[in-house]
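The values are calculated or read from the model by the stated rules, or taken from the named source; none is laboratory data. Just so we're clear, the structure is a prediction, and the values are computed from it rather than from any experiment. Cβ placement follows ideal geometry from the backbone for every residue including glycine, while neighbour counts extend to all protein chains displayed. Surface areas here come from the heavy atoms of the whole protein model, side chains and all, with no ligands, DNA or RNA. Shrake-Rupley method; radii C 1.70, N 1.55, O 1.52, S 1.80 Å.
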Amino acid sequence: MQQLLPTVQFDRQLLQKYDRPVPRYTSYPPATELKPEFNVIDFRAGIAVSNYKKTPLSLYCHIPFCDTPCYFCGCNTVITQRREFAETYLGYLIRHIQQMAQLIDQQRTVQQMHWGGGTPNYLSLSQIETLWAAIQEHFRFDPNAEISIEVNPKSLDRNYLFALRDLGFNRISFGIQDFDLNVQEAVNRVQPESMLFDVMEWTRDAGFESVNVDLIYGLPFQTLETFRKTIRKTIQLNPDRIAKFNFAYVPWMKPVQRRIPEQALPSPAEKLSIVQMAIEELTEHGYQYIGMDHFAKPNDELAIAQREGQLHRNFQGYTTKPESDLIGFGVTSISMLNDVYVQNHKRLKDFYQVVDANELPIERGVTLDQDDIIRRTVIMELMCQFQLSPDDIEQKYHLGFDLDFDTYFAHEQFQLRLLEADGLVKLSRNHIKVTPAGRLLIRNIASTFDAYLRRNTKSSFSRAV
């Protein structure tokens, strides 16, 4: 049964009050809880359990290379124009895929695959085909699998896009960030408007089933009016999904951001005005607010899944595929089993060395206990559906008559009442419902149930707004 979702409501006072660092909850526990003191045996055991359960698979391939740095980027990348680096990496990546395939039951089906980076289309078409063939050799795909790839428009032509579609990619994503030339120059990502419209036309002609574009607000030289023009041009592009991310200026973590003129960044008040304008423009033009800066057309799979209460979330972001094991291939990629998360080595040298030793290139990980799993369910329900049934949690995890939801989460009850007093949630015995004003602060609401956040004295998260 479909549920009618409330419209999102912009409340400047509440956004200012709750604008503090909180996790993005692509996982719980957050990725910050992955530690080097991790026993790889736990990961192998987790795979064995999911093999027994025949849990479906979601695959991720990380291509770390970029020709030039984008100053806003927070991803793990390798900046080089030496294409031989990619050829070497491709060999090790395929060996890693073979390693993992030996552990995974070949009868399990792949429901979803995503290639990210870096820049996946840094690879030549022949390299793309080689990697595709290696994955197809070792894994069995559902005929209706979602297969997506991120691309850099500057390194694309029509033939390349058609070749991707012919291989089997049916979803595609590319970054716009901002149409304004001053902004593009300040972040070292100059993309002519005509080029972006050409790329969109080619993706439609090639028959991709869904096209996502990324925008970033809070970049240097952005103003309310310049970003309004970017939003309206993006609407003209007519993508199926739009992700509008908040730029996190953290030059102490990402030294390349020191090249950004800090004095040119929009003020906090201007950023809030930009957020309000973007929401109003996108929703007025028919896009549904999914959550966490994501919008989709009402007929898009994400929007349909949310209306039906079937939206999910993992390290790749929002997804329509439930209860899958996420398996990450390549440097820095993350694998996410039911009760084990691991991340591969971030440096190429380390990744190569461990693969050469015929060992899994895992750098850090975490094993979840039952409390983690219960809290993960609560947090992800709020993040995806904007509501939660305590009764469902009690039944799913057999909390029993002596330990009901309110008792189990006794510590969280006070904070929930404060959120209710501020108009972010509505509480009843059988329901926690996020209000239209609370939807923009869903990370803050979800963080109420984050046991790790209470112990984390050093914040490394982006701000909520």
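Pairing each residue of the stretch 415-443 that is free of Cβ contacts under 8 Å to residues at least 12 places away in the same chain and at negative phi with any residue that is outside any loop (DSSP other than H, G, I, E, B) and open to solvent by less than 10 Å² (accessible area, probe 1.4 Å), provided the two are 6+ apart or on different chains, yields C-beta distances under 7 Å for Leu427/Leu416. May I ask you to verify whether Pro69 is farther than 21 Å from Leu167 by Cα and either open to solvent by less than 30 Å² (accessible area, probe 1.4 Å) or within 23 Å of the chain's Cα centre (by Cα) (or both)? Yes; evaluated as a whole, the condition is true for this residue.
Could you tell me which of the residues Ala269, Ala278, Ala296 is crowded, with 20+ Cβ neighbours inside 10 Å and without any contact (Cβ under 8 Å) to a residue 60 or more places away in the chain? Every option except Ala296 fails the conditions.
The residue that is farthest from Leu215 (Cα to Cα), among those in the stretch 330-346 that are in a strand (DSSP E or B) and of a type in the set (A, V, I, L, M), is Val340.
State whether the residues of the stretch 349-367 include one that is within 26 Å of Lys426 (Cβ to Cβ), touching a Phe, Trp or Tyr at 6+ places or on another chain (Cβ under 6 Å) and in contact (Cβ under 8 Å) with a residue 60 or more places away in the chain.
no
For the stretch 130-166, which residues satisfy the criterion of being of a type in the set (A, V, I, L, M, F, W, C), farther than 19 Å from Glu201 by Cβ and open to solvent by 50 Å² or more (accessible area, probe 1.4 Å)? Within the stretch 130-166, just Ala133 meets the criteria.
For Ile79, indicate whether it is modelled with pLDDT of 95 or more and either within 22 Å of the chain's Cα centre (by Cα) or hydrophobic (A, V, I, L, M, F, W, C) (or both). It is false that Ile79 is modelled with pLDDT of 95 or more and either within 22 Å of the chain's Cα centre (by Cα) or hydrophobic (A, V, I, L, M, F, W, C) (or both). Annotation: Gln16 fulfils all but one of (1) touching a Ser or Thr at 6+ places or on another chain (Cβ under 9 Å); (2) under 26 Å from Pro268 (Cβ atoms); (3) loosely packed, with under 15 Cβ neighbours inside 10 Å; the unmet one is (1).
Residues that are modelled with pLDDT under 85 and charged (D, E, K, R) within the stretch 392-403 comprise just one, Asp402. Do you know which residues across the stretch 223-256 are out of contact with any Gly (no Cβ under 9 Å at 6 or more places or on another chain) and within 12 Å of Tyr71 (Cα to Cα)? Those that are out of contact with any Gly (no Cβ under 9 Å at 6 or more places or on another chain) and within 12 Å of Tyr71 (Cα to Cα): Pro251, Pro255, Val256.
Hey, could you check the stretch 347-362 for residues that are part of a loop (DSSP other than H, G, I, E, B) and open to solvent by less than 30 Å² (accessible area, probe 1.4 Å) and say which is farthest from Phe85 (Cα to Cα)? Among those residues, the one meeting the criterion is Leu360. For the stretch 311-329, the candidate set comprises residues that are open to solvent by 20 Å² or more (accessible area, probe 1.4 Å), in contact with a helix residue (DSSP H, G or I) (Cβ under 8 Å, 6 or more places away or on another chain) and assigned to a loop (DSSP other than H, G, I, E, B); within that set, the residue that is nearest to Phe141 (Cα to Cα) is Thr320. Considering the stretch 145-246, the qualifying strands (runs of 3 or more DSSP E), each wholly inside and each with 1 or more residues that are touching a Pro at 6+ places or on another chain (Cβ under 9 Å), more than 28 Å from Glu129 (Cβ to Cβ) and not aliphatic (A, V, I, L, M), run over 210-217. From the list Leu418, Leu440, the lone residue that is surrounded by 14 or more Cβ atoms within 10 Å (Cβ to Cβ) and assigned to a helix (DSSP H, G or I) is Leu440. Taken over the stretch 301-310, the criterion of being assigned to a helix (DSSP H, G or I), without any contact (Cβ under 8 Å) to a residue 60 or more places away in the chain and surrounded by fewer than 19 Cβ atoms within 10 Å (Cβ to Cβ) is satisfied by Ile304 alone.
Exactly one residue out of Tyr341, Tyr318, Tyr352 is of a type in the set (Phe, Trp, Tyr) and at pLDDT below 95: that is Tyr318.
Could we say that Arg204 is at pLDDT 95 or above, over 30 Å from Pro261 (Cα atoms) and open to solvent by 60 Å² or more (accessible area, probe 1.4 Å) here?
For Arg204, the condition - at pLDDT 95 or above, over 30 Å from Pro261 (Cα atoms) and open to solvent by 60 Å² or more (accessible area, probe 1.4 Å) - is met.
Looking only at residues that are outside any loop (DSSP other than H, G, I, E, B) and closer than 15 Å to Phe141 by Cα in the stretch 98-114, which one is nearest to the chain's Cα centre (by Cα)? By that ranking, first place goes to His114. Among the conditions (1) buried (at least 18 other Cβ atoms within 10 Å of the Cβ); (2) under 24 Å from the mean Cα position of the chain (by Cα); (3) outside any strand (DSSP E or B), the only one that Ile373 does not satisfy is (1).
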